[in-house]
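What follows is a short report on a single structure.
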Amino acid sequence: MAAVEKRRPAVAPAANFADSGRPSVSRAAAVSESEEDFLRQVGVTEMLRAALLKVLEARPEEPIAFLAHYFENIGLRSPANGGAGEPPGQLLLQQQRLGRALWHLRLAHHSQRTAFNNNVGVAYECLSASGRKKKPGLDGRTYGELLKRICRDGEAPEEVVAPLLRKIQCRDHEAVPLDVFRAGMLTCFVLLEFVARAGALFQLLEGPAVAVADRRVGQAVLDTLEGALQASDNTAAPVCYLEAGSRLGPDSLALAMDRAMSGRRPSSPMTREEFLEKAAALFIAKVKPVG
């Protein structure tokens with residue numbers, strides 16, 4: 001009997017390959033179907049689909065590196081991490097959420113309106129996740145920290161962005177709705193680009209051997225820029241002021257510079273910092289304060 005019992009497992013596999021292997025094919029199909037069900041149930045299928053959609057939206061130069069960063073950050077949004085890290089771990093979790101929200105906000109340029117708005121919604125949802133003792137929602141303190149991170153990482157001078165932050169920040173205890181959050185994110189990114197373009201413009205004004213510009217010429221360019229911004233006062237969208245600045249033609253700038261240089265009086269120099277601060281002030285003056 002013992003010999004018979006030992007031989008039975010050796011006979012069973014042979015029966016699985018009867019009828020030209022059809023039972024084996026059926027078993028493989030069942031295994032494949034169960035694997036697909038498993039991936040679907042645990043959310044992997046949907047996660048991969050979302051990742052591919054992000055690649056199509058952002059169209060990065062290095063898609064593989066983009067996906068690596070995406071999957072590196074994806075876990076911070078999972079419900080399992082939602083209540084993890086009470087103080088002092090809560091502070092670390094908050095910094096992770098800020099970093100991940102900022103990563104999503106940078107996936108698409110603000111000119112890609114649909115993709116940018118979608119990413120703003122994801123960032124808002126990420127920051128609104130609740131812990132064990134915290135109700136879901138975004139408060140003014142977290143919103144303000146994200147604004148500062150955007151401006152700091154954008155390498156804009158602190159004295160340039162400080163007036164904007166005072167205008168669009170909320171009180172620490174205030175609840176920040178999605179529309180206020182979206183407007184603040186867009187305004188910050190547009191200001192950073194506005195300042196970058198102003199910096200490129202100043203490079204055309206500064207002297208060949210010194211990092212300063214003639215004050216008369218610099219002020220003439222600023223006055224021309226102010227006139228272009230005033231022509232866009234019929235709209236409240238921050239990006240429209242950026243477009244207005246971009247419409248400054250070389251002819252109008254050259255004319256303003258020629259008029260400034262026609263004077264024979266000596267002029268004091270204007271530094272890059274002063275020029276950027278004055279240019280940013282023109283933009284910030286058009287931004288409506290929160291509330």
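So, of the residues in region 82-110 that are in a loop (DSSP other than H, G, I, E, B) and small (Gly, Ala, Ser), which turns out to be modelled with the highest pLDDT? The residue in question is Ala108.
Of all residues in region 117-133, at least one satisfies being over 24 Å from Cys170 (Cα atoms), modelled with pLDDT under 90 and not in a helix (DSSP H, G or I). Just to be sure, is Arg216 of a type in the set (D, E, K, R), open to solvent by 60 Å² or more (accessible area, probe 1.4 Å), in a helix (DSSP H, G or I) and in contact with a Gly (Cβ under 9 Å, 6 or more places away or on another chain)? Taking the combined requirement at face value, the residue satisfies it.
In region 180-197, of all residues being open to solvent by less than 10 Å² (accessible area, probe 1.4 Å) and aliphatic (A, V, I, L, M), the one that is modelled with the highest pLDDT corresponds to Met185. The set of residues from region 166-179 being hydrophobic (A, V, I, L, M, F, W, C) and buried (at least 19 other Cβ atoms within 10 Å of the Cβ) comprises Ile168, Cys170, Val176.
The values are calculated or read from the model by the stated rules, or taken from the named source; none is laboratory data. In this text, all values refer to a predicted model and were calculated from it rather than measured experimentally. Using ideal geometry, Cβ is built from the backbone for each residue, glycine included, and neighbour counts are taken over all protein chains shown. Note: areas computed on protein heavy atoms with side chains; ligands, DNA, RNA excluded. Shrake-Rupley method; radii C 1.70, N 1.55, O 1.52, S 1.80 Å.
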